[in-house]
Amino acid sequence: MNQMMEKCSSDNDDPEKKQKEKEDVTADPEFFSCMLQPCSANSDPNYIGTRRLLLSRKARSGVLQRKDWRCNGKGYVGYRNFITRLENRMKLQSPSHLSSPGTSGQWAPSSGPASITHDIDSWSFSRDPSESQTVSRTNSIRSNLSETDYSRRKTEPAYSFVGMHCIFDECKSMVTVIKFGNMSSDLLAFGATDGTLTVGITDFDFTMNNHYIASSSLDKTVRVWDIPKGLCIRVIYGVAPQLCIRFHPVNNNFLSVGNANREISVFNFSTGRLTDKIVVDSKVTGMDYDNTGQFIFCGDAHGYLYTVSVNSHQGTLSRSHRARNSSKSKSEITTIQYRTFSLMTRGPVLLSFSRDGTLSFFSVSLELQGYLTLLCSLKLAQRIHSIRASFCPLLSLEKGEFIVAGSEDASVYFYDLTRPKHACVNKLQGHGCPVIGVAWNHGENFLASSDYSGTVIVWKRAKTDDKK
């Protein structure tokens, strides 16, 4: 008996054995999940079981997968090396579990405002009660949800992605703009800065039939490209860097261009001749048409927005209105995007995104010559690069008002403008550099994002069950 007690005493005093037992305990996924999610007297058994299951998968994934892939701190390069092996690529064919480490594009709910303060600074609404009645009503409903209810809420399929569909890494310089073809999921184009040619593509646009692309660049030219032939068929020379470009949505024979010389110009696509131009207060950094082609909405380097009337038959321009985004500083506007309908306004809306991280959301009064009324704004972290944002039109028709944007921390963020306390609803990780451009395909089942190093990732969105 004394010998057994001495043996037990010697085992308890052995520090190496204690350390080994401790490592065995932490490596056990089931014990790990029970330790992190204890069961209290007033807790919901279903919630406790679900949390333990997810934590168990997380621990098991951390023990097994990180032996092959230690991507933390290595970003995209580590992930690319991981998926080049066939057995690992086969594992990624099926949707991975929520909350598993290394899962790109899965639901990432924030536990509270503190978890997203690195990217969201402030939220503001228009003081006009007639304009923001819908917004205020929605926000009052959302604000009644407690922190616990928010974390326990069922994952909404609109936010879910099953991972990366494909990756393009042939480009060796920053991809500044990226777009899918009109009504297309198969045609994807992106423009980049190329150090060998010292030519930077600032913007481009497709014709309605996706047969031609017109591009603007820092070398002061506008070029028209035949996509099937891969040839440049026309070059229009300017006097300043060309910064943004759009085809007229109804009359594709007109091409609108904004440049660093404060000019908004309309060119004849067939002849290359200048039809008309107007001058604004600063260099024109972004533009978009309304769906009828009656108005161009432009943004400049000082944070002002302009509504310009367009004659669809003659291509002439006339300035209608000037507005200001919600930012107090004179910050360059990187994104201007028009949408024909929003549930928040029951009418057309306009999105602007500036370099200081301000997302501004406007209602558009087409009856008043495209007059803009600021509804709400979201202040994100300040951007160093000209990072772009985009509407999520189909997702916003289900519920909410969703915006997707790149960021300096190499992630793609989704924001819901109807959730002031929990605006960030999803986060995609996979890039290794600041994400510059984002673009949806026509059906919004693919999202393309580009970064500073020239990498383009196409993300695949999870299919929703229409029967639910």
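The values are calculated or read from the model by the stated rules, or taken from the named source; none is laboratory data. Everything numeric here is computed off the predicted structure, so don't read it as measured data. Cβ atoms come from the backbone with ideal geometry, glycine included; neighbour counts cover every protein chain shown. These accessible areas exclude ligands, DNA and RNA; they are computed on the full protein's heavy atoms, side chains included. Shrake-Rupley method; radii C 1.70, N 1.55, O 1.52, S 1.80 Å.
For residues in the stretch 259-274 being of a type in the set (Val, Ile, Thr) and open to solvent by less than 50 Å² (accessible area, probe 1.4 Å), which is farthest from the chain's Cα centre (by Cα)?
Step one: of the stretch 259-274, the residues of a type in the set (Val, Ile, Thr) are 264, 266, 271.
Narrowing the set further to residues that are open to solvent by less than 50 Å² (accessible area, probe 1.4 Å) leaves 264, 266.
Numbers: 264: 27, 266: 30 Å.
My answer is 266.
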State yes or no: is residue 395 in contact with an Asp or Glu (Cβ under 7 Å, 6 or more places away or on another chain), touching a residue at least 24 places away in the same chain (Cβ under 8 Å), surrounded by 16 or more Cβ atoms within 10 Å (Cβ to Cβ) and part of a helix (DSSP H, G or I)? yes
May I ask you to list pairs of residues, at least six apart or on different chains, whose Cβ atoms are under 6 Å apart, with the first in the stretch 291-314 being touching a residue at least 60 places away in the same chain (Cβ under 8 Å) and the second being part of a loop (DSSP other than H, G, I, E, B)? 295/370; 307/370; 312/250; 312/251; 312/293
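Determine whether residue 356 is out of contact with any strand residue (DSSP E or B) (no Cβ under 6 Å at 6 or more places or on another chain) and either assigned to a strand (DSSP E or B) or within 23 Å of residue 170 (Cα to Cα) (or both). Walk me through it before giving the result.
Details: out of contact with any strand residue (DSSP E or B) (no Cβ under 6 Å at 6 or more places or on another chain): yes; either assigned to a strand (DSSP E or B) or within 23 Å of residue 170 (Cα to Cα) (or both): no.
No; evaluated as a whole, the condition is false for this residue.
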When you go through 387, 457 one by one, which is the residue that is part of a strand (DSSP E or B), in contact with a Ser or Thr (Cβ under 7 Å, 6 or more places away or on another chain), among the β-branched types (Val, Ile, Thr) and at negative phi? 457
Do we have residue 276 as closer than 21 Å to residue 448 by Cβ, in contact (Cβ under 8 Å) with a residue 24 or more places away in the chain and out of contact with any helix residue (DSSP H, G or I) (no Cβ under 9 Å at 6 or more places or on another chain) here? no
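Please work out if residue 339 is within 28 Å of residue 396 (Cα to Cα), surrounded by fewer than 15 Cβ atoms within 10 Å (Cβ to Cβ) and not hydroxyl-bearing (Ser, Thr, Tyr). Lay out the reasoning, then the answer.
Details: within 28 Å of residue 396 (Cα to Cα): yes; surrounded by fewer than 15 Cβ atoms within 10 Å (Cβ to Cβ): no; not hydroxyl-bearing (Ser, Thr, Tyr): yes.
Against the criterion (within 28 Å of residue 396 (Cα to Cα), surrounded by fewer than 15 Cβ atoms within 10 Å (Cβ to Cβ) and not hydroxyl-bearing (Ser, Thr, Tyr)), residue 339 does not qualify.
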Do you know which of the residues in the stretch 253-285 that are out of contact with any Leu (no Cβ under 8 Å at 6 or more places or on another chain) and assigned to a strand (DSSP E or B) is farthest from residue 340 (Cα to Cα)? 274
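Restricting to the stretch 172-189, and then to whatever is at pLDDT below 80 and not polar (S, T, N, Q), can you tell me which residue is surrounded by the fewest Cβ atoms within 10 Å (Cβ to Cβ)?
We begin by selecting, within the stretch 172-189, every residue at pLDDT below 80; these are 172, 184-186.
Then keep just the ones that are not polar (S, T, N, Q); that gives 172, 186.
Values: 172: 12, 186: 9.
The residue in question is 186.
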